[in-house]
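Single-structure report; data block below.
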Amino acid sequence: MASTSVSSMILFIAAMLVAASVAGTLVTSVGDVSGSIDARSADAAQTIDTEIDVISDPGSDAVYDESSTTVTLLVKNTGNGRLSADPSKPDVLVDGQYITASDRSLTVVSGSEWRSGDVVRLELNVDLDPGEHRVVVIINGDREVFEFYV
């Protein structure tokens, strides 16, 4: 009779140890998943709040200055959030070629922060041949395409 209680006690202790280790693993996994969901939701919210529009006139002579080989675009923040005015933040492609941060500048037209409704002047140092050209501006997942002729 005593041997039955001892073996039952050993099995009970073993079951408790297994249950505790499983519970510890689950708590860690749930914490990791929760942190991942929080990070992804913050990124998704930023992407949803981001929207830009190139408001330059594609027929204007002000878009491309042949003497300085500079493309100048006016880009408006039409989203709900504030965007970074750092020239390295937007990805810019001209005719499929990536324009590095050293070959571009970004200046807020009025003020120092690129808030909703504000416009920035994006200047790209690129030599273009006569003809049709395409500029793609991507920031926080929002993509805007601007086509013009030189």
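Please work out which residue is nearest to the chain's Cα centre (by Cα), limiting yourself to the stretch 88-118 and to residues that are within 23 Å of residue 150 (Cβ to Cβ) and crowded, with 18+ Cβ neighbours inside 10 Å.
Taking the stretch 88-118 as the starting set, the residues that turn out to be within 23 Å of residue 150 (Cβ to Cβ) are 90-100, 102-107.
Among the residues that remain, those that are also crowded, with 18+ Cβ neighbours inside 10 Å are: 90, 92, 94, 99, 104, 106.
Values: 90: 9, 92: 13, 94: 19, 99: 17, 104: 19, 106: 17 Å.
Ranking the candidates gives 90 first.
When 24, 35 are screened for being in a helix (DSSP H, G or I), more than 30 Å from residue 81 (Cβ to Cβ) and either charged (D, E, K, R) or at pLDDT below 80 (or both), only 24 passes.
When residue 72 is tested against (1) in a helix (DSSP H, G or I); (2) at pLDDT 90 or above, only condition (1) is not met.
Residues in the stretch 110-150 that are farther than 15 Å from residue 83 by Cα and in contact with a Pro (Cβ under 8 Å, 6 or more places away or on another chain): 146, 147, 148, 149, 150.
Residues of the stretch 79-107 being farther than 10 Å from residue 136 by Cα, outside any loop (DSSP other than H, G, I, E, B) and in contact with a strand residue (DSSP E or B) (Cβ under 8 Å, 6 or more places away or on another chain), which ones? Residues satisfying the conditions are 83, 103, 104, 105, 106, 107.
The values are calculated or read from the model by the stated rules, or taken from the named source; none is laboratory data. Since this is a predicted model, take the numbers as computed values, not measurements. Positions of Cβ are generated from backbone atoms using ideal geometry, with glycine treated the same way; all protein chains shown enter the neighbour counts.
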